[in-house]
Every structure is written in structure tokens, then in C-alpha cells.
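J.: Structure below; questions to follow.
The values are calculated or read from the model by the stated rules, or taken from the named source; none is laboratory data. Since the structure is predicted, the reported quantities are computational estimates derived from the model, not experimental observations. Positions of Cβ are backbone-derived with ideal geometry, glycine not excepted, and every protein chain shown enters the neighbour counts. To get the accessible areas, we keep the full protein, side chains included, count just its heavy atoms, and leave off ligands, DNA and RNA. Shrake-Rupley method; radii C 1.70, N 1.55, O 1.52, S 1.80 Å.
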Amino acid sequence: MSSLSAGDSLEPGIPFDNQAKEDIGALSCTGDYSRQESAICLGNGEVKSCAVVKYSAAPPPTTYALLQEKTDLKLPPANWLRENPQLGTAGTTVLGSSSKCKPFSSFGMAYDFIDCIGDDVDVVSDSENIKKLLKIPYSKSHVSMAVHRVGRTLLLDELDIQELLRRSSQTGDWTWLKEIYQRLIDQKWQRKKKSKEHWYQKAILSKFLYYSINGDGAAEPVSDDMNQSDEEDGAEEFSSSWPATFTSTMADAEESDSPKQESISMDSQFALGQVASVPKEQNLPTLFNEGENSQGLRNDFVRNVMWTFEDIHMLVGSNMPIFGGGRYPAVSLRLRDSNKPINILTGIDYWLDNLMCNVPELVMCFHVNGIVQKYEMIKTEDIPHLENSTFSSRVVKDIAQNILSFLKSNCTKEGHTYWLFKASGSDIVKLYDLTTLCEEAEKENYQNPFTLPVAVLLYKVANNLMLKVRQNRKHYGKIRTLLLNCVKLLDQEKHPQIIASAYYMLSELFQLDEPPEEDEGESLRDGGSEDSYSDEDREVEDDEDDDLTEDSDENESYSNCSRPQDDCKAVAVIRSVGELSVPEKYKSTLQIRPSCSFPISQDKEERCRHVLSYVLKGVKAVDSSIKKESDLPAADPNIPIPLKYEDGGASGTSEKGIALLLERVGFVHVDQKHSTRSGMIPGSWQHRMKLQLFLKASKAYYVLSDAATNLLKYGRALRYIKLSLQCYDAYCCISGTLHPQVLQFHSQCLSLCGDIQLMLAQNVTNRAAYLEEYSYQTKEDQEVLHSLHRESSCQAFSVATDLAMDPEYQLFVSCKCYEATHELLISEALKDQSSDQLSQVLKRLGNIRNEMGVYYMNQAASMQSEKEVKKAVSSAEQELWKKSFGFFEKGLKDFEAIGDSTNTALLLCNTGRLMRICAQAHCTMSADESRGEFSSEEALYYNKAIDYYLRAMKALSSRESHSAVWDSVNWELSTTYFTLATLLQDYAPLSRKAQEQIEREVTEAMMKSLKYCDLQTESARQPLYQYRAATIHHRLASMYHSCFRNQVGNEQLRKQHRSLAELHYSKAVSLFLSLKDAPCELLRTLLERVAFAEFTMAGQSSSVAKLKSLTGALEIMTETRHAFQLIRQEMLEEQAESSEPPATESAGSPDAASGSTSGLDLQEVIKLIGVFEPSFSFLLLQTIKLMTTTKRKPSNKDEEAMKNYKHVYSKLLRTEKNTPLLSRVELYIELLQQLTPQTGSDVTGTSKT
């Protein structure tokens, strides 16, 4: 400690030390509301203290004037009571401390530093309140404070009951508190009036400070009258003055705050706007005009400091003047009467003020009767050791920790106003829940003035956390709790804007576009209470507290504190202030849930229902605030609004309806000048809020529709997309501008609507179930619709969302939805957006156009099949072909635009099928209604079909690109060639072409069909390919057989035809043998081959050659044994199947067998046997004759063969004509077996069975 006389050689204004030191705050000029941070840590090893200046309105500290000895402080300086930036605004800091505490001062700071509220800060309060709390064990004076909780943060404000009661008698604002106070507190207690000596000391302190900032330090002589007048003014200035209640006007508040209008700076008024500001990110609405949320909530402290005292983080408002410069950049000035020693309370005051404001030293000016004597400098860490004011800094630290723990353990409910009260001279501290007491009061008109500022703060903290949601989704639970508590506090009639905004933010919490991550979802599902702190937790914690304090002597008194018996109204009681000095006497064991309770669900429908519930409440809040003389009649939300369904076709749909569908498409910007249908003024908060809520509802219904589509509930999906588009329609009705993001969302809605209509068209069997789903409405949906009808008729998209009964109409609507989506995405507003959605829409467009093409193609095929007599092509058929072809062409362009080769190939394949249907329609009929010649129109369309199939193959380029599509196109191409060749062969156009030309064309078509028969690849179609290849070879062999028989003259050509016939017969037999289900075809081919051999023999003259031909023919005939074995096997299987169920007819009858699933045509078998038997007899007879009449002596082998032939022939002749079919087949197998030589032929035949 150092001491200086006022008369020493130091000149006024010169600092004690010129050593440079870091400025504590780099503080800005007067009134500049910039926020800067700097920190200095102070401490003497006993306690830790660190302060960060968050904001200061004072200029950088300047040197103070060192007053001359004998300066008379009773004389006012010339600048007394004038506004000075060094001391802050007049009426607030002229006494060096904030004597005019306001009941809402902590809220002003909380609004300014909203980032700190909830988690980072334990306490927000005026420095005077902090000091008053920490001095409770040392002071007999009363303590009365309001406590509010927001998350982990406690807001403390002075609650001057006497002043409030005095005001309530004048205004009636605080009547509720007066009655509660009278019921709870001893009526005899009255606050003592401050003495004249008190005001005298305040006056000379004020004059001392003004002298210290006065450059020349001289006092102007004034008359006694003037002096007296000034002192009275000062006394009035220093008297406790309460602000207007929160609901009064700003002007009233300013008048009550200070008697001089000029005392409020423009910068402070600017600060009001800062409190009101709300970030505009994330489409969150800007709330409150300056008049509503700022009344009495100004942060008018000279500086705000983030003070860390040990482990307690406090946001403190301070008005202490700080001087400095040179060697002493930061000092506080104090005035003391030399005749009065410094007591403990004063010492704690000085020490805490310096710690809070980062001031390392204190300069004390001593006076006697107002006459300056000397100055002393004291370091901050030495203040606890001053004579007569010694105190332990550790004890103060323990007091701070105990008070904070006590408050945090008992002030548990957000939104509630708690009252911490200690009567003057009493050692008992009580905590009351005023909100609960107010609710229990009989009178319903009690209003808590703290309700609105608390609700606003809860809203602002939630709003601030919303900005961090994307970074940390675990904030969801906190935000929901804050907003629900905010809404609970407010009256919808008085504060609809805050309520509507809160509900909108609640709806924003539920992410509709993405499922919650598993780990986050689990943590967010914990908890079940809307409040942050549950009673169950408190009971558990109380038990833990008992365990923790079991060994303590004060355990009994502590339990009494937690469970007060004599004062049942108090939440908690501290029996003796002495307990606060005991280290860790009170421990806050209350565990705040890190995520609170937030109903995260994996079920999309549940999340959307939460969103819609909040949106509906928000819309109701907005509607309640709209006043309009010609308001719409109130609709009964219990009466459902019918959802139309149409039973008409596309032919009845006018272009006007489609124009309505496209009406909202495109970037719109219209300056709205007139009020909306409900009376809203464009640009008003109601207007902005409804836009957000309608859009949110539209998105929620969109997600519901998408989820229903995935569940195949297409009726429900159509109902939801209808509601989504109705919300969007209402949005458009009140919006002057449709932003690209909104238009992009609209395109998604239209695309989904197209998907649903397409699915409905493809699932006609469940139409009744879909209609029931579509017609159902929840009460919530009905209320949403009624809210929408206040702004719009909601009919703009009815064409797209009505449930039709006609598949053609549904396809038509689906196509129009996709077209509207495409038109929207290529519009000026969205052309620069992501191309992914455009490619998806083009794919959908191609698909729906393919569906419509197929639909009309099937209609044409059906019309063709229903014709009783083949007539000329009708105009209706041609119209269907044109429609189908038109859609296929458009679909091809869509798929080609996105390079989708697979779907391009499929559309080309479908177009090829359409060409084949056209070809079939052009077949000519003769007069007797039999099939006529193959016409040129048929040939034209078949060749067109071939061209489309070849284009499809080219589009795919290889089988590896898409094997299934490749195989399908390959099959269709082979089929088309085969059909063309078959028709040319069976109905040869001999009237137009020569036989040779027809044969060449048939051969060419057959060989091309054979080329595309994929016999190597193992697939489901492989047997079909084998059958077709065998049929092609059979047909070619038959054709060459016929040519060989009919050819005369050209021997070379006959030989060629003969060899080709032999080749194809051989290949046909080989392929039919590999099939297990074509015995008739195999038998027919072999019999034709036998006939071919017989015809060859007929042209031979030599007996040896004839015998050789006959022997070859018999060998071919023996191969039919394999075909008969297959026929026998199938007949036996049919008999076995028919004998299992009770049969009504003979198992062996042709009718019964032909109806079986095996596919064996018994009539065909009988017909072939009718050819086989005479041919077999003829061959045997001719062979026997030739062998008998031969001139050369037969060998033993020949004789054995002759004997065998005769035996078989005789058996064949003795066969009864009425023998059952199965027995005859078995006989043929036996006879053929006898003819089969015991060589390779038999082995081959056996293996093939």
C-alpha cells in the first residue's frame, strides 16, 4: 500500500506510474455498441478470477484529476450532474454504482449475449445483485431477488417489494405480488428510510467523481441557495426509481428512468434495436418490433463482463467508473471519511467490483467533513487484508458456490418466476415459486409482469440454438423444451406472433427429408418430460444429497432446508446464513438431461403428424390476430370437406383443366398491394408467417404421400399429395414471389403425383380399397383444409389429384403431371439447378409415354381380336395406332435425351410389336372367309417391325449391357422373321410373285430367324429356341422336299434340293430328339423323311437300289420308336393324374386326356398313327417282296432279317382296329424294337428314352 498527500509534487492528472500496461478492454468511444473481448486474470492464490469484457459503452480510461489538499467536496464542480462518457449516462452512474436496479436488467444482457444463455453461463445479473448475494452472511440488510431459469443459466434481478407495492397502489400493475407478499411476509417489516446523512455522503461522492474528471479540478463558487437546490436535485436523482412495468410504453419508461431527457444517448436507443434483432437464417421469422420486446429491457450498463469466479461463469453488468493511463491504466476511485474505518461489507464491495471489472488497483481519497486530505493506492489482492475489514476470499468463494448450488437445485422449472427473500435482520433465506402461487390464487386476472420477458428470452435462446442445429442435432431436445415452455407462458390473444413463430420453429425441428442417425436418435429419445428438470430426478438427487451429507454435523439442518415445515409455501429454505460459509454445504446434484425429451421416431408418418400439429397451431395463432370486417364465416372443422373423384375418361378432360394444372408453373413475381382473402396485409408478420407455415405443411404432406407410395397405399398417397398441393395453392395465393427452391419443391410434388396416378392405373383390381383410403380424413387434416380455405379455394390442382375410375384418364393425368414438371425444370427460374432431377423427370416422361403407347396398342389388339369377321382396318383402329405410335416416338426422344439405351431399346421393341399388330390387321380374307394370300401391307409392317428390332439391338450394342432386354429383343426379332417366313410359305403370294422368288424369301427369312435363335446360352428361353430351330429346319426340309418332287428337267437343281432336304430333315430330327415335349413333331418329321425316301425309291429302277432305299427308310422308321416312347410316357402320366381325383370320365378317353396340362394332342397322335401304320406296312411288304424275288442267294443274315420282317409284318396285320390307343402305341414300340439292330442304333435309341 502506498500513501500520497494531496499536496505532493505530483501535478493534477499525472498518473502514479508511467509503465505501460495492457488496456483491460481496448474500450471504444462513448456510446459505440461494438463488442470486444479481452481478459485479465486476478487472484492471490486463494481464489481464481478471470474477467472478459464482452461490451463497453465507455471511452478508454483517462487519467483522473488528483485533487489538491483542502479541496472542499461540498462545493459542486461546474460539470456536476452533466452527462459524461467517463461516468456513463446521467442518472445511472453518477454515484459510481447502479443504485437504480431494474427488475428486468438481466434480460437486457441476456438478449444482447444470447449465445451465452442456456449452457455457457451460470448467472446473468447486475454486479450489485452479485455483491448483495455474496454479502448475505455478513449483512443484516434484506435481500429480495427474482430468479428465472433458462437451461443451465439463472437470471437474477432485484425485486424491490416496497417500491413495487408503492407503484401497485398507483397503477395496479403489481397487485398480484402485493397480495402474495401480504400472505407470506410479516407485516411489521418495513424498509427503513434513508437518512439525510446518507444522501449527504452520496452527494459528496458524486461531486468527487465529477471533480476527478474535471480538467482544472477547480470548484466554481455558487450561492448557498443554488447549492441547496443542487443537493435536492441530487437527492432526487439518487432515489430509488423503478421503471414502468413491461407492458407500459417506451416513453413512460424513459421518463421514469431519468428526469432529464438529454440523459439518454442516441447510442443507447440504438441498442434497443439490437435487443430486438433475431437472425434471419434458416427462414426463421424476424420477431417483434422495437416497441413490443424492448420495453424496460435495455442493456444500459456501461460494460458487460464475462466473469469467471472459480468454477462459476457469470455475465455481469457493471457501471463502475474506471480511470487510468500511464503507469496505472486501470484503477477505481473511492472516497472515504477519515473518521470512519472501512468495514467488511465495504471491503467486499471494493474487492468484488475490482475483480469483476479487471481492475488491479484501487485509489482511495480520504476526506474529513468533505475536505480532501490524502490519497492511498491499494492493490486488489490486498483489499481482503485491510485493517478492520479483513475477510477470507475463500469464504466468499464458498458462499458463491453454495448460493449457486442452492438456486440451481431448487429453481428447476423454466418459465417460472422464483423469489429469493431474506428479511432485514433475519438469518433465514426463503425461496418461493411465484408462478405457482399466482396460479393458485383465486383471482384469475393476476398477471406476472415477468411472463413476457421470460417467454421472449426462451424464444430467443431457442432461435439461437436453431442456427446450430445443423452442426449438432442434439440441440433438438433443448429447443423443443424452450419453445414449449415459451408457448405455455403466453396468451395467444395478446402475443400471437411469438406463439406462431414458436410453433413454426417446433415444426422445423422434425427433419422431413432425412431419417435421424441411429446414435442421435437413441440419445434424443431419452426423457419423457417437456420441462428440462423432472420431479423424479429431483427425488433421486435428494436421496443422493442425503448420502453425500451423511457424515456432516449439519445433516439435519440441511434436510430441514430441503423440506421446510413451518413455511409450506416456500420451495426451499436456508435456516441460517452461516451455512453458506461452510465449504460445499450445498451441492447441485441436479443432472440436466443433455438432450431433454424429443420424440424422434423412425416412422416418417409420426414425424409428419408432429409437424402438421405444430403448423396447425401456428396457423390458428396467426388467424386469431387477423381482423377483417368482412371475415369469412367460421367453418366447422368437424364437417369433412369432400375430396372429389372422377369417373370419366381422358376424352372428357378439357384443355382448360390442364391449363389449371400448369397455372402455377413458372417464376412469378407480383407486387401485392391488396390484402389477401382473409384480410392479411402483404409484408405483415402474419403474411410472412403464413407463407412459412403453408410451405411447411405442404412439405409434410408430400413426405406422407411419398411414404404411403412406398407402402403401396396409393389411395392414401393421392389424398396426401392432394393436401400438399392444396397447401401449395394457398401459398401461391398469398405469395407475390415464388422462389426457385419453392418451384423445385413444387416440381417434386407434381412428379410424385404423376407416380401415384400411374400406379393407380396399373393396379385396377384394388380400386375399391384405394377409394376408401382416398376418402378418409383425419380431424387434423380437416382443420388444415379449413385454414387453407381462408386464403384460397384450393382447386388449382384438382385435375391432377382427383381419383378417377378410368385407367386411361389416370395415365393421361400422370403424363400431364410429368410434362408440367419437365416444363417447370426447364423454365428460366430452374434451368441452372441440378440436372439430376431433370434426368429423373425425363425418365418418368419416357416411361409414362411408353405406358400410354402400350395401353393404346393393347386397345388396338383387343379391338382386332373382337372382330367376328376380318374386315378392312377401321378408322378407330388406325386412330389407336397413331396415338400409340405418337407416344412411343415421344418416349424415345425422352430416353435418348438422357442416354438411356436400355429403355430406348425397350421402346423400340414395343414399337416393333405395334408394327406386327398393324401387319396382323392387314391380313386379307377370301370370299369363303379363309385366309388369303400374304399381302404387301403385311410384308411392309413386318419389315418395319424388323427395322425397329434391329435398331433396338443396335442401341444395346451387346448382351453385356443388359442381358434380359437383349434376350427379349433377340427373341422378338427371331419371332418376327419366323412369322414372316411362315406366312410367306403357308400363304404364298403367288399372284404377285414367282414360286422361286417366294422360296428364296422364305429361305432368307428362315435363316435369319435361325441366326437369332440362341441355342448356346442357358436360359429359360433355350428350349423355345431349340423348338423354333427344329421347326425352321423341318419347314425348310418340307419346302425342299416339295421342290424336289415338283422340279422337272433340271437334274442339278433336283440334286441340290434333295441334299438340302436331307440336311434339314437330319437337323430337325436331331433337335426334336433333344426335346422331351415334342413327340408329335418328331414323329411327323420322321414320317415326312420316310415319305421322302419312298419318293426317292419310286424313281429307281434297279432292285438293289430300291432294296437299299427301302432298308434306309425302315431304319428311319425305327427311329420313331423314341417318339412313341415319349407319347406312351405322357399317356401313362395322364392316366395316373386322372385316377387320383374322382374321375367322371374314362382316363383313356381322348377328351379327358386332351384337357390335361401335359399338352399332348391325342387327336394329332391318332392322325399321325394313321399315316405311320400304312407307311410301315408298305415298307415291310416291299422289302419282303424285293428280298424274296432277288436272284442272288441270300446270306444267313439276310434270311434272319427276312424272317424278322415277316414276323413284324404279320403282327402288324393282325392288329385289331379297335385296340386302345395306349396298347397300339406299346405294340409299335415292341415291333420297332424287333427291327432295331443290336448295334449303335439300339444303343442310341435306348439312351434317348
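J.: Which residues among segment 707-731 fall inside the zone where the amide N is under 15 Å from a point 7 Å beyond the Cα of Arg767, along Cα→Cβ?
T.: Zone members listed by number: 715.
J.: What pairs in Lys1076/Lys1217; Lys140/Lys488; Lys74/Lys430; Lys408/Lys604; Lys1106/Lys1203 have C-alpha atoms more than 31 Å from each other?
T.: Cα-Cα > 31 Å for Lys140/Lys488; Lys74/Lys430; Lys408/Lys604; rest within.
J.: Explain nothing, just compute: Karplus ³J(HN,Hα) = 6.51 cos²θ - 1.76 cosθ + 1.60, θ = phi - 60°, for every residue of segment 686-698 in order, whole Hz, x for Gly and Pro.
T.: Karplus values, whole Hz, x for Gly and Pro: 4, 5, 5, 5, 5, 4, 5, 5, 4, 5, 5, 4, 4.
J.: For a bin width of 10 Å, list the pair-distance distribution of segment 937-1040 built from all Cα-Cα distances, rounded to whole %.
T.: Each 10 Å bin holds this share of Cα pairs: 15, 44, 30, 10, 1.
J.: I've got another one for you. Using 10 Å bins from zero, what percent of all Cα-Cα pairs in segment 971-1110 falls into each bin?
T.: Computed distribution, short to long bins: 12, 36, 34, 15, 3, 0.
J.: Find how much the distance from Asn388 to Leu345 grows on full extension, using 0.36 nm per residue of separation minus their present alpha carbon separation; answer in nm with one decimal.
T.: Gain on stretching Asn388 to Leu345: 14.4 nm.
J.: Counting only the heavy atoms of the protein chains, how much of Tyr942 is accessible to a 1.4 Å probe, in Å² to the nearest 10?
T.: Taking all protein chains as shown, Tyr942 has close to 10 Å².
J.: In nm, to one decimal, how far is the modelled label at Thr1188 from the one at Ala1091, with both set 7 Å along Cα→Cβ?
T.: Going by the 7 Å Cα→Cβ label model, 2.8 nm.
J.: Length gain on complete extension for the stretch Lys867 to Lys1206, per 0.36 nm per residue less the alpha carbon to alpha carbon distance?
T.: 116.3 nm is the gain from fully extending Lys867 to Lys1206.
J.: Could I ask something else about it? Just order 759-765, 1035-1041, 1024-1030 by mean Cβ neighbour count inside 10 Å, highest at the front, would you?
T.: 1035-1041, 1024-1030, 759-765
J.: Can you compute the FRET efficiency between Thr1017 and Asn943 using 1/(1 + (r/R0)^6), with r the Cβ-Cβ distance and R0 = 35 Å? Round to the nearest 0.05.
T.: According to the calculation, E is roughly 0.80.
J.: For a Förster distance of 30 Å, can you work out the FRET efficiency between the beta-carbons of Glu1115 and Leu1053, rounded to the nearest 0.05?
T.: The computed FRET efficiency comes out at 0.65.
J.: Given points 7 Å out from each Cα along the Cα-Cβ axis, report the Thr436 to Tyr776 separation in nanometres with one decimal.
T.: According to this spin-label approximation, the distance is 4.4 nm.
J.: Thr1190 accessible area, nearest 10 Å², 1.4 Å probe?
T.: 60
J.: Classify segment 1040-1119 as rounded, prolate or oblate from the Cα gyration tensor: take a ≥ b ≥ c as the square roots of its eigenvalues, call it rounded if a/c is under 1.5, otherwise prolate when a/b beats b/c and oblate if not.
T.: oblate
J.: Return the carbon/sulfur percentage of the accessible area of segment 917-1051, one whole number, probe 1.4 Å, all protein chains in place.
T.: Ligands and nucleic acids excluded, carbon and sulfur give 49 percent.
J.: Determine the relative contact order of segment 347-489: mean sequence separation of Cα pairs under 8 Å and six or more apart, normalised by residue count, in whole percent.
T.: 14
J.: I've got another one for you. What do you get for GluC sites (Glu not before Pro) in segment 960-1047 restricted to DSSP loop and a cutoff of at most 11 other Cβ within 10 Å of the site's Cβ?
T.: In loop regions of segment 960-1047 (DSSP not H, G, I, E or B), the sparsely surrounded GluC sites (Glu not before Pro) are Glu960, Glu1018.
J.: Please compute the length gained on full extension between Leu1024 and Leu990, using 0.36 nm multiplied by the number of residues separating them and subtracting their Cα-Cα distance.
T.: 9.1 nm
J.: How do Met680, Met1202 stack up against each other in accessible area, from largest to smallest, with a 1.4 angstrom probe?
T.: Met1202, Met680
J.: What nm distance separates the two modelled labels at Ser1177 and Glu879, each placed 7 Å from Cα along Cα→Cβ?
T.: 6.3
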